[in-house]
1. Could you please give the count of residues in region 36-84 that are part of a strand (DSSP E or B) and not small (Gly, Ala, Ser)?
2. Going through region 118-132 one residue at a time, which ones are more than 15 Å from the ligand (Cβ to nearest atom) and in a helix (DSSP H, G or I)?
3. Among 112, 46, 82, which is surrounded by fewer than 13 Cβ atoms within 10 Å (Cβ to Cβ), within 16 Å of the ligand (Cβ to nearest atom) and free of Cβ contacts under 8 Å to residues at least 60 places away in the same chain?
4. Are there any pairs, at least 6 apart or on different chains, whose C-beta atoms fall under 7 Å, with the first in region 204-215 and surrounded by 11 or more Cβ atoms within 10 Å (Cβ to Cβ) and charged (D, E, K, R) and the second part of a strand (DSSP E or B) and at pLDDT 85 or above, and if so, which?
5. Read through the list (1) touching a Ser or Thr at 6+ places or on another chain (Cβ under 9 Å); (2) within 18 Å of residue 157 (Cα to Cα); (3) more than 14 Å from the ligand (Cβ to nearest atom), then give the number of the only condition that residue 97 fails.
6. If we keep just the residues of region 146-177 that are in contact (Cβ under 8 Å) with a residue 60 or more places away in the chain and within 13 Å of the chain's Cα centre (by Cα), which is surrounded by the most Cβ atoms within 10 Å (Cβ to Cβ)?
7. Is it the case that some residue within region 172-179 is under 29 Å from residue 90 (Cα atoms) and touching a Lys or Arg at 6+ places or on another chain (Cβ under 8 Å)?
8. Just to check your reading of the model, which residue among 17, 5, 115 is outside any helix (DSSP H, G or I) and out of contact with any Ser or Thr (no Cβ under 6 Å at 6 or more places or on another chain)?
Amino acid sequence: MIKKSSLIDGNEMFKKSYFKKHEKELLDLVEHGQNPSALFIGCADSRVVPNLITQTEPGDLFVLRNVGNFVAPYNPDEDYHSTAAGIEYAVTALEVSEIIICGHTHCGAIASLYSEIDEKPFIHTKKWLTLGNKAKALSILALGKTAPKEELLRLTEKLSVVSQIENLLTYPYVKQRLDEGSLHIHGWIYDMASGDIEYYDPDEYAFKSLSEVINDQ
Ligand code: ZN
């Protein structure tokens, strides 16, 4: 478990090392504001750290993290919709050119779809997790109810990313910029056991290794 003192020591170390080393770039971002090229929607899971797994720097990614890397369908009537506000700001104000929805293996949110959740302590979680129901249903349809649990979970993690992309397309300003060709949407799965990332290829309805793309270049 992380100790309070280690967080304080960590910030001291950050100021003395990273901040000092990158002071020019960091102050440039303060002076001129941020101009990230990508919106990264990832899971809140502490093991999936966007800037770490993509080796990107402050200013590179506009990051939204929530339980399960879900995107609720567009609904302007809903109160306090944090993920939608982030998408709106990234697409409309920052004008990012890329949106990445990044799921991951061994996702607790996806695993929770297969167990009963007590509504009393988890009232918000229970409702939020319904955004994964379509992926669960499709996975059971594809593999069968009696398929090995781990196989079902890995497929549900992937199909959820596809399902969240579909939800993202219900946002009119996202759809408009996609149709104009000024915005691209990517579905990723981060493998926590290897560090590999797979991307969704909509033409083949399959996930492929990102390193294949690099090797093809
Ligand atoms: Zn997760």
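The values are calculated or read from the model by the stated rules, or taken from the named source; none is laboratory data. The shown structure was predicted, so the numbers you read here are calculated from the model rather than taken from an experiment. Please note: Cβ atoms are built from the backbone with ideal geometry, for glycine as well, and neighbour counts cover all protein chains shown.
1. 10
2. Of everything in region 118-132, those that are more than 15 Å from the ligand (Cβ to nearest atom) and in a helix (DSSP H, G or I) turn out to be 123, 124, 126, 127, 130.
3. Of the residues listed, the single one that is surrounded by fewer than 13 Cβ atoms within 10 Å (Cβ to Cβ), within 16 Å of the ligand (Cβ to nearest atom) and free of Cβ contacts under 8 Å to residues at least 60 places away in the same chain is 46.
4. Taking only residues 6 or more apart or on different chains, the pairs are 208/198; 208/199; 208/201.
5. (2)
6. Per the criteria, the residue is 160.
7. No, there is no match, as no residue in region 172-179 is under 29 Å from residue 90 (Cα atoms) and touching a Lys or Arg at 6+ places or on another chain (Cβ under 8 Å).
8. 115
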